[in-house]
1. Anything in the stretch 19-56 that is polar (S, T, N, Q) and farther than 19 Å from Ala79 by Cβ? List them, or say none.
2. Considering only residues that are modelled with pLDDT of 90 or more and among the aromatic types (Phe, Trp, Tyr), which ones fall in the stretch 16-41?
3. Taking the stated definitions as given, is Ser40 among the small types (Gly, Ala, Ser), surrounded by 14 or more Cβ atoms within 10 Å (Cβ to Cβ), under 11 Å from the mean Cα position of the chain (by Cα) and in a helix (DSSP H, G or I)?
4. For the stretch 1-16, name all the residues that are part of a helix (DSSP H, G or I), touching a helix residue (DSSP H, G or I) at 6+ places or on another chain (Cβ under 7 Å) and of a type outside the set (Phe, Trp, Tyr).
5. Go through the residues of the stretch 43-53 one by one and say whether even a single one is free of Cβ contacts under 8 Å to residues at least 60 places away in the same chain, open to solvent by less than 80 Å² (accessible area, probe 1.4 Å), outside any helix (DSSP H, G or I) and of a type in the set (A, V, I, L, M).
6. Answer yes if at least one residue in the stretch 17-37 is crowded, with 17+ Cβ neighbours inside 10 Å, touching a Leu at 6+ places or on another chain (Cβ under 6 Å), in contact (Cβ under 8 Å) with a residue 40 or more places away in the chain and part of a helix (DSSP H, G or I), and no otherwise.
7. Out of the residues in the stretch 71-94 meeting the condition of being of a type in the set (S, T, N, Q) and in a helix (DSSP H, G or I), tell me which one is farthest from Ala41 (Cα to Cα).
8. State all residues of the stretch 55-80 that are in contact (Cβ under 8 Å) with a residue 24 or more places away in the chain, small (Gly, Ala, Ser) and open to solvent by 20 Å² or more (accessible area, probe 1.4 Å); if no residue qualifies, say none.
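The values are calculated or read from the model by the stated rules, or taken from the named source; none is laboratory data. Just so it is clear, the model here is predicted, and its values are computed rather than measured. A quick note on method: Cβ atoms are made from the backbone with ideal geometry, for glycine too, and the neighbour counts reach across all protein chains shown. The protein model used for the area step is the full one, side chains on, heavy atoms only, and it has no ligands, DNA or RNA in it. Shrake-Rupley method; radii C 1.70, N 1.55, O 1.52, S 1.80 Å.
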Amino acid sequence: MNKDIVIGFLVGIIATFLGLLVAIQIFGNDDNWLVVLKQSAQRGILTKMISLGALPNLAIFFFFLRKKKDNRAQGVLIATMLVFIITMIIKFFN
């Protein structure tokens with residue numbers, strides 16, 4: 001059970017990272033993603049980019065639910081909540 005939650009958590013974190021990279025490629029002005037992250041932080045849209053990056057977790061969550069992998073879906077949900085907390089910390093303390 002705990003192994004499935006950890007697997008779901010890792011899948012959720014990786015999907016968020018890959019989603020963030022896709023959002024950077026779509027909305028960024030530069031090929032270097034670190035430069036785009038710095039520019040988005042300066043313009044105040046970093047939290048929006050992170051939120052867009054977390055969208056693939058929605059599809060993965062429902063995929064795990066459909067396959068009756070509830071513990072993995074729980075891990076994805078935990079990863080999404082962690083991303084939410086990090087996003088709120090960045091938004092309110094930046």
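1. Within the stretch 19-56, Gln25, Asn29, Asn32, Gln39, Ser40, Gln42 qualify.
2. Phe17
3. no
4. Matches in the stretch 1-16: Asp4, Ile5, Val6, Ile7, Gly8, Val11, Gly12, Ile13, Ala15, Thr16.
5. yes
6. No, that holds for no residue.
7. Among those residues, the one meeting the criterion is Asn71.
8. Selection gives nothing.
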